[in-house]
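Presented below is the structure to which this report refers.
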Amino acid sequence: MNLLIFIIQLSLVTAISPLCTGIIKKIKAHLQNRHGASVFQPYYDIWKLLHKDEVISRDASFIFRLAPFIIFAVTVFVGFSIPLFTSFSNIFQASNILVIIYTLAIGTFFLALAGMDSGSPMGGFGSSREMTVSALAEGGFIFSLLTVALINHSTDLFTIASANLFDFSQSLLPIILAFSGFLIVLLAETARFPFDNPATHLELTMIHESMILEYSGKRLALMEWATSNKLVIFIALGANLFFPLGLASEATLVAILIGLLAFVIKIIIFSVAIASLESSLAKFRFFRLPDLLLSSLIINAVAIALIF
Amino acid sequence: MFSLFLKIFKTPDNVVFLSNNEINQKAVLTTLKELESKIKKLFHGSLAIRQIDSGSDNATEQELVALSNSFYDVERFGIHFVASPRHADMLLITGPMTRNMIKAVKRAYEATPSPKVVVTVGDDAENGGIWQGSYAVSDGVSNILPVHYHIPGDPPSPTVILSSLLKILQIVESKTLKS
Amino acid sequence: MLTFITSPASFLIIPTLFIIAGLGSLFFRKNDHLANLWISTTAMLASLWGLIFSLSFILFGQELVFSLAPTSFPLLSLSFHIDLLAGFFVFIISLISIFCSLYGLGYLTHFYKKYNIAVFGFFFNFFLGSLFLVVTASNAIFFLIAWEIMSVASYFMVVYDRHDKSNIKAGLLYLIMTYVGTAFIILAFLLLYKYTNSFEFAEIKNQLALVPNYIKDLVFAFALIGFGTKAGIIPLHIWLPDAHPAAPTQVSAIMSGVMIKSGIYMMIRLFMDILQPIPLWWGVTILVIGIISSLLGVLYALTEHDIKRLLAYHSIENIGIILLGLGSALIFYTLNLPELALLGLIASLFHTANHAIFKSLLFLSAGSVINAMHTRNMEEYGGLIKYMPQTALFFLIGSMAISALPPFNGFFSEWLIFQTLFQGIMELNSAWHLIFIVAVGSLALTGGLALACFVKAFGAIFLARPRSAEVLHAKESPLSMRLAMGGLALMAIIFGLFSGTVIIILEKIGTSLSAFSNVTSLLTVSASQKITIMPDFGTVSAPVIFITLGALVLIILFLVKSVIYKKQTVKIGRTWDCGNDLNPRMEITATGFARSIVVIFKSILKPSLQQKIEYHDADSRFLQKSHTITMQMGDVYYTFFYNPLYKIVNALSLRVRTIQNGNINAYISYIFGALIVALFSVL
C-alpha cells in the first residue's frame, strides 16, 4: 500500500496536468458555443512535439538548451513534494513552504534567461514582464502560505494539510482572505487571465508565450508540460492547504480512493472557476497588474494580522 | 447568467447552417469525421498550423479565421493555429507572394522544424491570381518555396478548405503507405 | 601541534606576515612581475595560515585573551580578545582573501606599466592585515588604530586607478564618509570611557552599571551611525556605489564581502555582548533600518546599468537582510526569548558568511568581464557566454546564490532569516508582531526583485547577440582568475550542501557569547544534514534537494534524449525574426528590462526623462536633426539630507571664519581673554 502511494504521489501531477489544461480549454469552448478539442488533446500535442525535429537559433547558448529540462524537473520535484491526496508523506522531506516557493523560482529564473537567450526582441520583453509580475507575486505567495502556516503552527505543508475541521472553522476569516490573495497569485504565476492570455497570437500581449516562441520539438513539449504542471501544483496548493477536506490520513485503499476522488473534484472546481473567469474578463493592461498584485500582498498581510 | 454556465453541458451539435440545400449536411459530417481520424493517424492527433500572409487582400485570411468559429470549429479535430513557425507542422501561405515578403516567407520556412507540409491557399498563391505579371509579385509561392499542396478558390470557403485538407491528408497517407 | 595552532603566537603570525608582505613588496618597485608574484603569494600564504588558525580555533580552541608588551601610551594597550565570534570573522576574512589574492595574480597584469604594482601591494597587504586586527582588538584605541589603517589603505586602493577622474572623486567621498563615521565611533568610545574609566572592552562590559541609560542610548546612536556608515545602511550609503566600482576588482570584492562586515561585527559585539541589557527600541530601530536598506538597495540596483554599481547596491540590500536577523535577535533578547534570539543571531551570521562568498564571486566574475571588455557599461556587452563560458558559469552560480535559489548557500541563510521572522510573528503580542509582518513582506519582495535584477544582469551581459564590436575581441580570463572564481563557486555549493554542519558550528559560536551561555538552540541538525526548527515548525534538507533535483534533471535528459525518439535531428537556424534582419539594437537592453519595475516604483525612485531636440530649421521646427533623451533617477539623499547638511555646515563655517580676520590686535585680545578665563578657572 505504501508503495502504491509512493508511485501515485511521484507521478500524479505530471500525469494529470495535460488533462487539467484540456478540461479548461473544453469548458471555455463550450462557453463559446462550440465543441472544442477533446480533453485529451494536450496529450496528443505533447506526443507529437516529442517526435518532431528541432530548430535552434545559432545565437542560443547552453542555457537555452538546458532550461526546459531544468524547468520540467523543478515542476516534477515540486509536484511530488506537496500534499495531493494524502496528508502524510513517505517521500523525501522537502515540503517546506519556502523550499517550494524558491524551487519554483528556479524555474522562473531559467525561463526568463531562456527567453532572453536567443536574442529575439519578443523574448526579451516577455522576460522583462514575467520578472516584473513574478517579483511582485512572490510577496503575496509567501504571505498567503504563511497565513495557513501560522494558523497550524508549522511551515511544513503536510502538517498544514492534516489540520482538522475544528481549527479550520476557528480562523475562517483569515483563511478566506488569504485564499483570495492566493487566487490572485495563482492567476499570476500560471499565466492566466487577467495577467496573461495563454491563447494569444499577438506578441505585444504575451508574457509567458513570448519566452517559448523560439522552442520547438521535444524542448517545447517539456515547456508546455511544465506550464500545465505548474497549474496543477498551484491548484493543489490552493485546494489542499486552504480547504484540507478529503485527504487520506491513513494508508488504506478506501482512504486513497477517496483522496484521489477529492483531488479530481477539486481540480474540476478550480478548472470551472478559471475557465469562467477567462470567459468573462478581459486581460488587464500591463501597468494595472502591479496594483492587483500589491493588493494581494495587502489582503494577505491583513489576514495574518487578523489571526492574532 | 446561470443559463450561460449550463451551456457547458448542452452545446448543440450545429455544424453548417445554410439556407440552400445544395450541400448535403450528411456528406459534410462524414467528411469532417474522416478528417478527424486522418489527423489522429498521421499527425499523432494534433496538427499545428501557422498561416503566413505574403501580401494578400485578406479575403482568404477571413475564411481561415472563420474556420475557428463555432460553426466549423477546427479545434475539435485537433487542428490549432499557432503564433510561431517553430511550433508549426503545416504552413498555410496566402497571397500572391509579393516581392517584399520573399525574405520573410523563406525565413519562416527555414524556422519551421521538419517534418513540415507547405500548403498554399487561394488562387493568387498558386500563380499570382488577378495580379499575375505585376512588378510587385513573383507569381505564386511555388517559385520561392517547395509547395506540397494547394487549395484552390478565390477565396475558398471554409467547407472547401476542410474538404481540401481531407484530400491532402489522404494523399499524405497514401504516400507514407507507399514509401 | 594543535595547541600551537590555536595559541596567541599563531594568531600573531598573520598580521606579521602581512606586514612583511607589505613592506617587502616595496623592494620590487622596479619589477612589476616580481612584485605581483610576491604580493599574491605572500597574501595567499598569510590568509591560508589565517584559515588554518581560525578553523582549528573554532573547532577545538579556547577563548584567547592576551596582550603584547605594554606601550608607552597610558591608555593604549595592544590587547587582543579572540573568542569564537571573532574567530568566525577571521575565518571569513581569510577565506575571501585567499581567493582574491589568487585572482590578483592574473588581474594585476592589466596594471603593468601604468601604475606601480609594488605600491598597490603595500596598501593591499596592510589593508588585509588591519582587517584581522579590527575583529580581534580588545582595546578601543587599538581598535581605532586598526580601523584607521583599514580605511586609509582602502582609500589609496580606491584611487589607485588615478587616470580616471571619477575614481578620485569617489575616493574623496569615501574618505569623508568614513571619517565622519570614525568620528562618531570615537565619540561613542569617549562617552563610555567617561563613565567606566577604561578603553578595554572587557572592563567596559564589567563596569556597564556605571553608565546611565541616556548615555547608553547616545552610545547606541553614535555607534549605529559610525558602524552603519562603514556597513552601508541607508541613508549613509552614498559612498558605497561610487567607491566599490572605482577600486581594482579584488579590492572591491574584499571591501564588499568583508570590510563592510566589520561594521556588522562591531554592532554584534557592542549591542549583543558589551552593552547588554539593552532597551527594546534599539532592536526595533535596527530591524526598521534593515527593512529600508534591503528594499531600497535592491530597487536602486535595478536602475543601474554599470555592473559594479549594481553589485554594490546589492551589498546594501544584503546588509539590510543581515540587519533584519540581527534586529530580530536583539528584540527577542530584550523580550526574554533567548532561544529565538540565538536563532536570529545564527541566521545573520550565516548570511554574513554566505554573502561574503557569493558577493566576492560576483565581483570577481564581473572584474573578469570588465577586463576583457574595458568598460563597465552593461549595455555594451551581450553574447559573452560564447567567448567566456567559464566566467559565465561562475556568474550564473553567483546569481543563483544571491537570489536565494536552492540548493546554493544563499537559500539556506534566507530560509533561517525567514524562520526567525515567522517565529517573531507567532510569539510576540500584537504590538510588535506587526513590524515583523512588514519585515517578512519586505524580505519576500526583496527576494523577488533581486531575482529580477540578476536575470537582467546575467541576460544583458552574457546572453543573446553582441551589442558592440568589442565583444568579438573578448577572451577568457587567465587561469589564476578562473581558479579563484571556481574556488568561490565551489564554496557556495559546499556551504549550501553542508549548511547543517555550518549551523552546528554557528550554534557553538552563538552560545559562546555570554548573553547566550545557557540557552538551548531551537535548531537540530540530523546526521543527514536535515535542519529542523523545534517544535517541528519547519525542516529543510540540503542534500535531499540537491540530489533529487540533480537526479531528476539527469533522468529527464536521458529519457527524452535517448529513449523517446532517437531519430530526431537538431538543426541550427536563425532566430525567428519575422523576416527582418536582427541587429544588436533590437535586443532588450538592461535599462529596458528594468524599466517596468522602475515605472511601478516611480514614487520611490523618481525617474525623470528629459528630451532635447535639435531641428534643421529652428523656425519651422519640422525636421529633426538630433533627438537626445536622458533618463535619470532622482537623487533623494543628496537633495534632502546631504545638501542641506552641507549648506548648514558651510554657513556655520563662514560665520566662524570671521574670527580669523588677520587683525593682529584681535589676536592679542583673544590671547588676553583666554588668559583671564584660565586664571579665573584656577581660582
Under 19 Å from a label point 7 Å along Cα→Cβ of C:V438: give me every residue in the range A:280-308 with its amide N that close. A:294-308
Net charge contributed by nearby residues that have their C-beta within less than 15 Å of B:S37 (K/R +1, D/E -1): +3
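Express as a percent, rounded to the nearest 5, the fraction of DSSP beta bridges in chain C (both residues included) that run antiparallel.
On the way: 23 of 23 bridges.
The antiparallel fraction comes to roughly 100 percent.
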How much FRET efficiency would the formula 1/(1 + (r/R0)^6) give for C:H33 and C:K165, where r is the Cβ-Cβ distance and R0 is 45 Å, rounded to 0.05? 0.95
Under a 5 Å amide H to amide H cut-off, with H placed in plane at 1.01 Å, what residues pair with C:K571 once short-range neighbours are removed? A:E54, A:V55, A:I56
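Taking every residue in C:543-555, how many Cβ atoms of other protein chains lie within 10 Å of its Cβ, on average? Kindly include the intermediate steps, with their values, before the conclusion.
Values: counts 1, 6, 9, 0, 1, 9, 8, 1, 2, 9, 9, 2, 3.
Going residue by residue through C:543-555 and averaging, the value is 5.
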Starting at 0 and stepping by 10 Å, how many percent of the alpha carbon pairs of the range C:128-232 end up in each bin? 15, 40, 28, 12, 4, 0
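Test of understanding: ordering C:R657, B:R107, C:R574 by Cβ neighbours within 10 Å, fewest first, what list do you get? Intermediate values should be presented prior to the final figure.
On the way: C:R657 9, B:R107 20, C:R574 15.
Least to most surrounded, the residues fall as C:R657, C:R574, B:R107.
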Quickly rank A:147-154, A:196-203 as a protection proxy: mean count of other C-beta atoms within 10 Å, highest first. A:147-154, A:196-203
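Summarise the long-distance tail of P(r) for the protein assembly as shown by giving the % of C-alpha pairs beyond 46 Å. Could you put the intermediate results ahead of the total?
Working: 279515 of 683865 pairs.
In whole percent, the share of Cα-Cα pairs in the protein assembly as shown beyond 46 Å is 41.
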Across peptide A:23-35, how many C-beta atoms of other chains are within 10 Å of each residue C-beta, on average? 5
Along the principal axes of its C-alpha atoms, what lengths does chain C span, in descending order and rounded to whole Å? 102, 78, 63
Mind giving me the FRET efficiency for C:S653 and C:N213? R0 is 35 Å, r the Cβ-Cβ distance, nearest 0.05 is fine. 0.50
Against the 2.2 N^0.38 Å scaling, with N counting residues, where does the range A:1-138 land? I'd like the Cα-based Rg ratio to two decimal places. 1.25
How far apart, in nanometres, would the label points at C:I292 and B:A66 be if each is projected 7 angstrom from Cα along the Cα-to-Cβ direction? 6.7
Dividing the alpha-carbon Rg of the range C:297-450 by 2.2 N^0.38 Å yields what? 1.18
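With a 10 Å radius around each residue's Cβ, average the other Cβ atoms per peptide and rank C:673-683, C:143-153, highest first.
Numbers: C:673-683: 8.5, C:143-153: 19.9.
Per-residue mean Cβ counts within 10 Å order the peptides as C:143-153, C:673-683.
For the protein assembly as shown, what does -39500 (n - 2.57) per DSSP helix run (n ≥ 4), summed and divided by total residues, give at 222 nm, in deg cm²/dmol to the nearest 500?
On the way: 42 runs with 724 residues, N = 1170.
That comes out to -21000 deg cm²/dmol.
Return the percentage of antiparallel bridges among DSSP beta bridges fully within the range B:48-178, rounded to the nearest 5 %. Before the final figure, lay out the partial values.
Values: 1 of 16 bridges.
If I count the DSSP bridges inside the range B:48-178, around 5 percent turn out antiparallel.
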Highest to lowest packing among A:18-27, A:137-146, scored as the average C-beta count within 10 Å: A:137-146, A:18-27
Projected area averaged over orientations for the range C:469-581, convex hull of C-alpha atoms, nm²: 15.6
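Where both residues lie in the protein assembly as shown, what percent of DSSP beta bridges are antiparallel, nearest 5?
55
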In nm, spacing of pseudo-spin labels at C:H616 and B:L42 (7 Å Cα→C-beta vector): 5.7
Have a look at the range B:48-178 and give its Rg and Dmax from the Cα atoms, expressed in angstrom. 14.1, 43
Cα-derived Rg to Rh of the range C:46-88, Kirkwood definition: 1.10
In nm², the average projected area of the convex hull spanned by the Cα atoms of the range C:1-54 is 3.5
Could you give the nm distance between label points at B:N100 and C:F111, where each point is 7 Å from its Cα heading toward the beta carbon? 5.8
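Hey, what did chain C get for relative contact order, percent, Cα under 8 Å, at least 6 apart?
On the way: 1046 pairs, mean separation 77.4, N = 683.
Taking the mean separation of contacting Cα pairs over the length of chain C, I get 11 percent.
For peptide A:71-79, compute the average count of partner chain beta-carbon atoms within 10 Å of each residue's beta-carbon.
Details: counts 1, 5, 10, 4, 1, 6, 7, 0, 0.
Across A:71-79, the average partner-chain Cβ count within 10 Å equals 4.
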Counting residues in the range C:637-682 as N, plug N into 2.2 N^0.38 Å and put the Cα Rg over that result. 1.80
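Tally Lys/Arg at +1 and Asp/Glu at -1 over every other residue whose Cβ is under 11 Å from the Cβ of C:E476; what's the total? Don't jump to the answer; show the numbers that get you there.
On the way: positive: C:K386, C:K475, C:R482; negative: none.
Neighbour charge sum, excluding C:E476 itself: +3.
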How are the Cα pair distances of the range A:173-270 distributed, in percent, across 5 Å bins from 0? 2, 12, 17, 18, 16, 13, 11, 7, 4, 1, 0
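Values in this text are rule-based calculations from the coordinates and carry no lab data. These figures come from a predicted structure and were not determined experimentally. Every residue, glycine as well, gets a Cβ built from its backbone with ideal geometry; the counts of neighbours run over all protein chains shown.
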